[in-house]
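Reading through the structure tokens given below for one structure.
The values are calculated or read from the model by the stated rules, or taken from the named source; none is laboratory data. None of these values were measured; they are calculated from a predicted model. Because the Cβ atoms are built from the backbone with ideal geometry, glycine has one as well, and the counts that use them run over all protein chains shown.
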Amino acid sequence: MRLFDISLPLREAMPVYPGDPPFAKSIARSRARGDACEVSRLTLSSHAGTHVDVPHHFLEGGADLSAVPLEPFVGPCRVVEATGRGYVDGATVAACSPLPGERILFKTDNSARLGASEFTENYVYLAEDGAAVLAAAGVIMVGWDYLSVERYGADDPAAHRALLGAGVLILEGLNLAEVPPGEYFLLAAPLAVEEGDGAPARALLAEGIDVPQAP
């Protein structure tokens, strides 16, 4: 079995979506100050780094993190390469033939930009018609390799609404730079934030796991 850690390290010099609180780490307790142990104080957004979006994030009355199942974030998935374009549209999504119940992670040119400390405004985004194709296909989770699937500066979060409104959960901030397209087993449980609009997650892809299919 081979494991790919596709998470973004939480660090102070990391890109943050404009308007979100930055990540900060400070000392709460330290042996150097006479304490018995080391304890850090962390300050971060619920959408920092690699994180999960649930319906409550954008939809009034949408399910919060306490109400959504974990199954969409754990199970077989497919990494689809969609490089060389400024956005992923409906035709591109349709060409990869999404299936009901599928988890799809999109590898775009974003993955090559994730090492930068500054936020990149012209990241590759998911177009509204691309989100609509995924929703209509009945996929259960969409993964994206930047901090948002939405076009930067969009007046209407149409891609989020199309996915979350159809019950498709979203995993953003994935680093797929070293991951070849193909089939994997995803483990990406979010932190258990009660009634959360989202939460950071540690995302792993396992290659070579033989998962029995349901009868």
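Scanning segment 103-113 for residues that are under 13 Å from the mean Cα position of the chain (by Cα), surrounded by fewer than 23 Cβ atoms within 10 Å (Cβ to Cβ) and either at pLDDT below 90 or aliphatic (A, V, I, L, M) (or both) turns up just one, Ile104.
The set of residues in segment 167-198 being among the small types (Gly, Ala, Ser) and farther than 21 Å from Tyr87 by Cα consists of Gly167, Ala188, Ala189, Ala192, Gly196, Gly198. For Ala135, which of the numbered conditions (1) more than 20 Å from Thr50 (Cβ to Cβ); (2) in a loop (DSSP other than H, G, I, E, B) fails to hold? Single failed check for Ala135: (2).
Only residues that are closer than 15 Å to His160 by Cβ and loosely packed, with under 15 Cβ neighbours inside 10 Å: list them for segment 21-58, please. Those that are closer than 15 Å to His160 by Cβ and loosely packed, with under 15 Cβ neighbours inside 10 Å: none in segment 21-58. Exactly one residue out of Ala135, Ala158, Ala162, Ala116 is of a type in the set (Gly, Ala, Ser), under 29 Å from Pro9 (Cβ atoms) and under 18 Å from the mean Cα position of the chain (by Cα), and it is Ala116. Yes or no: segment 201-214 includes at least one residue that is small (Gly, Ala, Ser) and either outside any loop (DSSP other than H, G, I, E, B) or touching a helix residue (DSSP H, G or I) at 6+ places or on another chain (Cβ under 7 Å) (or both). Yes. Within the group Arg161, Arg151, Arg85, which residue is assigned to a loop (DSSP other than H, G, I, E, B) and either within 28 Å of Ser66 (Cα to Cα) or of a type in the set (A, V, I, L, M) (or both)? Criteria check complete, one pass: Arg151.
Quick grid of which residues meet (1) touching a Ser or Thr at 6+ places or on another chain (Cβ under 8 Å); (2) among the small types (Gly, Ala, Ser); (3) in contact (Cβ under 8 Å) with a residue 40 or more places away in the chain:
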residue	(1), (2), (3)
Leu134	no, no, yes
Gly143	no, yes, yes
Tyr146	yes, no, no
Asp155	no, no, no
Ala159	no, yes, no
Leu176	yes, no, yes
Tyr184	no, no, yes
Pro190	no, no, yes
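Of all the criteria given as (1) buried (at least 16 other Cβ atoms within 10 Å of the Cβ); (2) touching a residue at least 40 places away in the same chain (Cβ under 8 Å); (3) closer than 29 Å to Glu178 by Cα; (4) hydrophobic (A, V, I, L, M, F, W, C), the one not satisfied by Leu99 is (1). The requirement of being acidic (Asp, Glu), in contact (Cβ under 8 Å) with a residue 60 or more places away in the chain and in a loop (DSSP other than H, G, I, E, B) is not satisfied by Glu60.
Could you tell me whether Glu81 is within 17 Å of Tyr125 (Cα to Cα) and of a type outside the set (Val, Ile, Thr)? Yes.
Being of a type in the set (D, E, K, R), under 25 Å from Ala177 (Cβ atoms) and in contact with a strand residue (DSSP E or B) (Cβ under 7 Å, 6 or more places away or on another chain) is the filter here, so list the residues in segment 5-31 that pass it. Asp5, Glu12, Lys25, listed by residue number.
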